[in-house]
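Presented below is the structure to which this report refers.
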Amino acid sequence: MKSKISLLFFVFGCVLNGISQEAPLSPKNNPTNIDLLKSETYKMSWYMVQDSTEIQIGTVQTEIQKNKDNISIITTVEMKQSPSKWIDSTVVSNNNFKPIYHSSYNQQRDMVLKFDNEITGYYIDKQTNTKTRISEKTDKPFFDSNFYPQLIRLLALRDGYTNTISIFDYNPKSKIGVITATIKNTEEKTINFKGELKEVWKIETTDDISNNKAISIYFIDKSTRQLLKQEIDFGGRKMIMRL
């Protein structure tokens, strides 16, 4: 009897160990439904929340082009207090969302990344006027960090859904390399969106880019998978993006 109990504990421990070591989502572990992603252009209004008052600080436009071989995503950020735009471009494979190219241009820095057997490109810090050549090798599969908010829309979401996502980010002031984004919780909700009741997935996420200090909550329409709203909480400061 004692040996049977020991065997049960051993088997149970192996099961738990297998669950805890489940591989994060990546191009090689990709359960998404690619058909949910469409070519589209949408714009979000960006607000800072101060004492429950929303103050618009800018807009974020996202253009998605889905082609035969790849998907390109161009994000244009316009801030009310800045004359220049922030433009990010991301290209991923149409097959499994493996990253191909990423560029980012704004007042603080310019960056270009090309993904192949190794990651090459450059990073220009406009504050110090220095240019760094990028040559990074990785030993695990990953998504581009700029793509994972789109990836979330394509998952087989359900109440209580959690997971980790393997992403690559290059930021000399934060993280460089393959890191993790985490879906902490998923909840089915009904919200009032511009006077209309919408059934949504409320998805709480965080990532290593902010040392998991920033919490992003996405409100995704259940039927269309359109991102309706995003709330960001970072150290007590709150921002909202709304379609």
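The values are calculated or read from the model by the stated rules, or taken from the named source; none is laboratory data. Since the model is a prediction, treat every value here as computed from it, not as a measurement. We place every Cβ from the backbone using ideal geometry, glycine too, and count neighbours over all the protein chains shown.
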Looking at (1) at pLDDT 95 or above; (2) hydrophobic (A, V, I, L, M, F, W, C); (3) over 23 Å from residue 174 (Cα atoms), which is the one condition that is false for residue 25?
-> (3)
Select from the range 155-177 the residues that are in a strand (DSSP E or B) and of a type in the set (A, V, I, L, M) and write down the one among them that is modelled with the lowest pLDDT.
-> 176
Could you please tell me which pairs satisfy a Cβ distance under 8 Å, a separation of 6+ or placement on different chains, a first residue in the range 221-243 that is closer than 15 Å to residue 205 by Cβ and without any contact (Cβ under 8 Å) to a residue 24 or more places away in the chain, and a second residue that is in a strand (DSSP E or B) and among the charged types (D, E, K, R)?
-> 231/238; 232/238
List the number of the failed condition for residue 128; all other conditions in (1) more than 16 Å from the chain's Cα centre (by Cα); (2) not in a loop (DSSP other than H, G, I, E, B) hold.
-> (2)
Check off (1) surrounded by fewer than 13 Cβ atoms within 10 Å (Cβ to Cβ); (2) touching a residue at least 12 places away in the same chain (Cβ under 8 Å) for residue 124 and give me the number that stays unchecked.
-> (1)
